[in-house]
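The values are calculated or read from the model by the stated rules, or taken from the named source; none is laboratory data. Predicted model, so just to flag it, every value in this text is computed and none were measured. Here the Cβ is made from the backbone with ideal geometry for all residues, glycine too, and neighbour counts use every protein chain on show. Side chains are part of the model used for accessible areas, which takes the heavy atoms of the whole protein and leaves out ligands, DNA and RNA. Shrake-Rupley method; radii C 1.70, N 1.55, O 1.52, S 1.80 Å.
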Amino acid sequence: MAEKNIVILISGRGSNLQVLLQAKLPCRIAAVVSNRADAGGLEIAQAHGVPTAVIDHRDYADRDSFDAALARLIDTFHPDFVVLAGFMRILSAGFVARYHGRLINIHPSLLPAYGGLNTHARALQDGVRIHGCTVHFVTADLDHGPIIIQAAVPVLCRDTEQTLAARVLHEEHRIYPQAIRWLCNDRIELRDDGRVIFRYRKQTSHALISPGLE
Ligand code: GRF
């Protein structure tokens, strides 16, 4: 099996990027691309010797022209997979279709609950007892693509947005490398019917009950 190439897109601090760079993934991280020149993740990539590029969406007249330029840049690195790690731009249907089955994202909620922004604040507001994060294939339906892996965490009584975000982020850092390992090792595939199929996966049946039973 030839080594796969991935390109990682970021907009911000890059904690997921950092974990991916350190995870000894079975692929080559060909480049890190940011739409913001001040994204902290760019320095993290450079410290790991990974090529970086910045493409500022404000230099383009509209979403389609930005997405077309972004795709041209990404394709110079010949990626098998494109990995969104805190990339804060909505991608057009054309972009998403170009990378169908090859474009994944991590989102800080248990999708399909809490798509969009401010997920932790909204979960606290609703009083849910279980929250979490999701890695999914990206489709034109924002934050609703086929799910690869999720991690659930309890919401604790004294949680603030910050403490809950930190608990979720800790799990993001565990599930994203796993999802990419599965992808690069051909262990998962997005079927035409929109389902994700796994090959040779051990199933577990542990329940997360929150608050715990006494
Ligand atoms: C993460 O919470 C991720 O789920 C969301 O954006 C955030 C990025 O954080 N898509 P970081 O830049 O990886 O630290």
Checked segment 178-203 for anything without any contact (Cβ under 8 Å) to a residue 24 or more places away in the chain and of a type outside the set (D, E); matches are R187, R191, I197, F198, R199, Y200, R201, K202, Q203
Could you check, for segment 58-74, whether at least one of its residues is within 11 Å of the ligand (Cβ to nearest atom), more than 16 Å from the chain's Cα centre (by Cα) and not basic (K, R)?
no
Flagged pairs (Cβ under 8 angstrom, 6 or more apart or on separate chains; first in segment 97-108, farther than 17 Å from R195 by Cα and without any contact (Cβ under 8 Å) to a residue 40 or more places away in the chain; second small (G, A, S) and within 13 Å of the ligand (Cβ to nearest atom)) are H107/G115
Scanning segment 132-181 residue by residue, those of a type in the set (V, I, T), under 14 Å from N105 (Cα atoms) and buried (at least 21 other Cβ atoms within 10 Å of the Cβ) turn out to be T134, V135, V138, I148, I180
Matching residues in segment 75-95 (surrounded by fewer than 22 Cβ atoms within 10 Å (Cβ to Cβ) and either charged (D, E, K, R) or away from the ligand (no atom under 16 Å from the Cβ) (or both)) number 10
Picked from segment 178-214 (must be in a strand (DSSP E or B) and within 19 Å of V96 (Cβ to Cβ)), the residue modelled with the lowest pLDDT is E189
Within segment 182-214, residues of a type in the set (A, V, I, L, M) and open to solvent by less than 70 Å² (accessible area, probe 1.4 Å) come out as L183, I188, L190, V196, I197
**Request:** Inspect segment 139-152 for any residue being within 11 Å of the ligand (Cβ to nearest atom) and out of contact with any Ser or Thr (no Cβ under 9 Å at 6 or more places or on another chain) and give the result as yes or no.
**Result:** no
Exception for R36 within (1) open to solvent by less than 80 Å² (accessible area, probe 1.4 Å); (2) in contact with a strand residue (DSSP E or B) (Cβ under 9 Å, 6 or more places away or on another chain) falls at (1)
If you go through V135, V128, the only one that is closer than 28 Å to A2 by Cβ and not aromatic (F, W, Y) is V135
Going through segment 142-193 in order, the residues found to be under 14 Å from N16 (Cα atoms) and among the hydroxyl-bearing types (S, T, Y) are Y176
For L21, are the conditions met, namely being under 19 Å from E172 (Cα atoms), within 11 Å of the ligand (Cβ to nearest atom) and not small (G, A, S)? no
